[in-house]
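The values are calculated or read from the model by the stated rules, or taken from the named source; none is laboratory data. Every value quoted in this text rests on a predicted model; they were computed, and no experiment measured them. So basically every Cβ, Gly included, is an ideal-geometry build from the backbone, and we count neighbours across all protein chains shown.
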Amino acid sequence: MRDKKENRNMQAEPLKPEETPQGEAPLVTPEEWEELNKKLDETQAKAAEFMDGWQRARAEFDNYRKRIERENSQVYQNAIGNIIKRYLPVMDDLERALQARPSDLPWVAGIDLIYRKLQSILDSEGIKRIEAEGQAFDPNFHEAIAQEHSDELPGGHVIAVVQNGYMLGDKVIRPAMVRVSE
């Protein structure tokens, strides 16, 4: 029982060898005391080193997780963009069919319904049409197929859109084919 009490006292306030109660032999010699202090310092240094290593590993893992999430998001966007790009010619054909539609035939309403469904799918995936007509020509968003004189627009502006361009977020899936004023 006495040993446990002394151990508790040592944990709360460690005694120096010269502070032992009178009449009792010191528990450790001064040399042993110095050796224990040296081991304590070494152990505390190792603990600090391990803590630093653990914190670095945790930070590296967090950075890795964030990088993987960004890469997965980018892969998903690229996949969606590639799939949607294959359906854009169908969208173009439907738009041309609707521009030249006869109004007295019943199947025209069906074509219009198909076009609206396809447009809603594109909208739900975040695909946006590039607004080009009347805008300044930008090679990042437009592909010029002709230059024409225009009295209405200054040079370097889009006169007409030949084929619509589309974007997914900030990425151009397909540039708009346009005619540009001289």
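Listed by first and then second residue, the pairs with beta-carbon distance under 7 Å, at least 6 apart or on different chains, first residue in segment 69-94 and within 21 Å of Arg129 (Cβ to Cβ), second of a type in the set (D, E, K, R), are Gln77/Lys171; Ile80/Glu125; Gly81/Lys171; Ile84/Glu125; Lys85/Arg174; Leu88/Arg174.
Here Gln147 meets each of (1) in contact (Cβ under 8 Å) with a residue 12 or more places away in the chain; (2) exposed (fewer than 15 other Cβ atoms within 10 Å of the Cβ); (3) not in a strand (DSSP E or B) with one exception, condition (3).
Summed over segment 63-98, the residues that are hydroxyl-bearing (Ser, Thr, Tyr), under 25 Å from Gln163 (Cα atoms) and under 17 Å from the mean Cα position of the chain (by Cα) give a count of 0.
The rows are residues; the columns are (1) among the polar types (S, T, N, Q); (2) modelled with pLDDT of 90 or more; (3) touching a Phe, Trp or Tyr at 6+ places or on another chain (Cβ under 8 Å).
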| residue | (1), (2), (3) |
| --- | --- |
| Asp112 | no, no, no |
| Tyr115 | no, yes, no |
| Gln119 | yes, yes, no |
| Ser124 | yes, yes, no |
| Gly134 | no, no, no |
| Ile145 | no, yes, no |
| Asn164 | yes, yes, no |
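A single entry from Arg86, Arg96, Arg58 fulfils the requirement of being modelled with pLDDT of 95 or more and not small (Gly, Ala, Ser): Arg58. Looking only at segment 99-132, residues that are surrounded by fewer than 14 Cβ atoms within 10 Å (Cβ to Cβ) and closer than 15 Å to Gln163 by Cβ come to 2 in all.
For segment 134-144, the tally of residues that are surrounded by fewer than 14 Cβ atoms within 10 Å (Cβ to Cβ) and within 11 Å of Val161 (Cα to Cα) stands at 1. Just the residues that are more than 15 Å from Leu122 (Cα to Cα) and charged (D, E, K, R), please, taken from segment 67-97. Matches in segment 67-97: Arg67, Glu69, Arg70, Glu71, Asp93, Arg96.
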